[in-house]
């Protein structure tokens, strides 16, 4: 799995998260090893082989890739958005450099609300909406309910932009 695909896979879904995907795969691989009686001669120690891990990955792909689940489509959309955001990095960097205080505002945030921008940056509602719209078109932010989430690409970019 490419780094971009893996990043989008993790970013684009609440079911697979970087912090726990290894644990999910390990548990599933152990379950497969147990189910296939992959043990030592005394049947007291389970032996997990590479094939069990590969089968666990295939099983997760099968489940999450099922059309009715909708996870694959969501993941593919996240991959597309991530690629678009990466392609817009230079454009976004220029935008941040020309927007006083915006990079500093975003730097330590995972999410925010439009009203936060208005209050903390002394912006009008129209300017805040325009800023949000611009960053959304560049795929640097997404909306999750009332919260606006900062993409990993924007977080990475913020490290490059001076205060």
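The values are calculated or read from the model by the stated rules, or taken from the named source; none is laboratory data. Just so it is clear, the structure is predicted and the values come from calculations on it, not from any experiment. Cβ coordinates were reconstructed from backbone atoms using ideal geometry, including for glycine residues, and neighbour counts include every protein chain displayed.
Find all pairs meeting these conditions: Cβ atoms under 7 angstrom apart; at least six residues apart or on different chains; first residue within the range 107-135 and in contact (Cβ under 8 Å) with a residue 12 or more places away in the chain; second residue exposed (fewer than 13 other Cβ atoms within 10 Å of the Cβ) and in a loop (DSSP other than H, G, I, E, B).
Partner pairs satisfying both residue conditions: 113/146.
Residue by residue, here is whether (1) in the same structural domain as residue 37 (by TED's automatic domain parsing); (2) part of a helix (DSSP H, G or I) holds:
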| site | (1), (2) |
| --- | --- |
| 66 | yes, no |
| 73 | yes, yes |
| 92 | no, yes |
| 106 | no, yes |
| 119 | no, yes |
| 136 | no, yes |
| 149 | no, no |
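What is the number of the single condition among (1) more than 14 Å from the chain's Cα centre (by Cα); (2) in contact (Cβ under 8 Å) with a residue 60 or more places away in the chain that residue 82 does not meet?
If we test residue 82 against (1) more than 14 Å from the chain's Cα centre (by Cα); (2) in contact (Cβ under 8 Å) with a residue 60 or more places away in the chain, just (1) comes out false.
Does at least one position in the range 90-100 carry a residue that is under 30 Å from residue 62 (Cα atoms) and at pLDDT below 95?
Start the filter on the range 90-100 by keeping residues that are under 30 Å from residue 62 (Cα atoms), which leaves none.
Among the residues of the range 90-100, not one is under 30 Å from residue 62 (Cα atoms) and at pLDDT below 95, which makes the answer no.
Could you give me the residue pairs with C-beta distances under 9 Å whose first residue belongs to the range 30-47 and is assigned by TED's automatic domain parsing to the domain that holds residue 59 and under 14 Å from residue 59 (Cα atoms), whose second residue is assigned to a loop (DSSP other than H, G, I, E, B) and modelled with pLDDT of 95 or more wherever it lies, and which are 6+ apart or on separate chains?
Correct list of pairs: 30/48; 32/38; 32/48; 33/47; 33/48; 33/49.
When you scan the range 31-48, do you find a residue that is touching a helix residue (DSSP H, G or I) at 6+ places or on another chain (Cβ under 7 Å), at pLDDT below 95 and either in a helix (DSSP H, G or I) or more than 27 Å from residue 152 (Cβ to Cβ) (or both), even just one?
Checked the range 31-48: no residue is touching a helix residue (DSSP H, G or I) at 6+ places or on another chain (Cβ under 7 Å), at pLDDT below 95 and either in a helix (DSSP H, G or I) or more than 27 Å from residue 152 (Cβ to Cβ) (or both).
Name, by its number, the condition in (1) out of contact with any helix residue (DSSP H, G or I) (no Cβ under 8 Å at 6 or more places or on another chain); (2) within 25 Å of residue 21 (Cα to Cα); (3) surrounded by 13 or more Cβ atoms within 10 Å (Cβ to Cβ) that does not hold for residue 78.
With respect to (1) out of contact with any helix residue (DSSP H, G or I) (no Cβ under 8 Å at 6 or more places or on another chain); (2) within 25 Å of residue 21 (Cα to Cα); (3) surrounded by 13 or more Cβ atoms within 10 Å (Cβ to Cβ), residue 78 is out only on (1).
Can you name the residue in the range 106-120 that is in contact with a strand residue (DSSP E or B) (Cβ under 8 Å, 6 or more places away or on another chain), surrounded by 13 or more Cβ atoms within 10 Å (Cβ to Cβ) and closer than 18 Å to residue 157 by Cβ and is also modelled with the lowest pLDDT among such residues?
109
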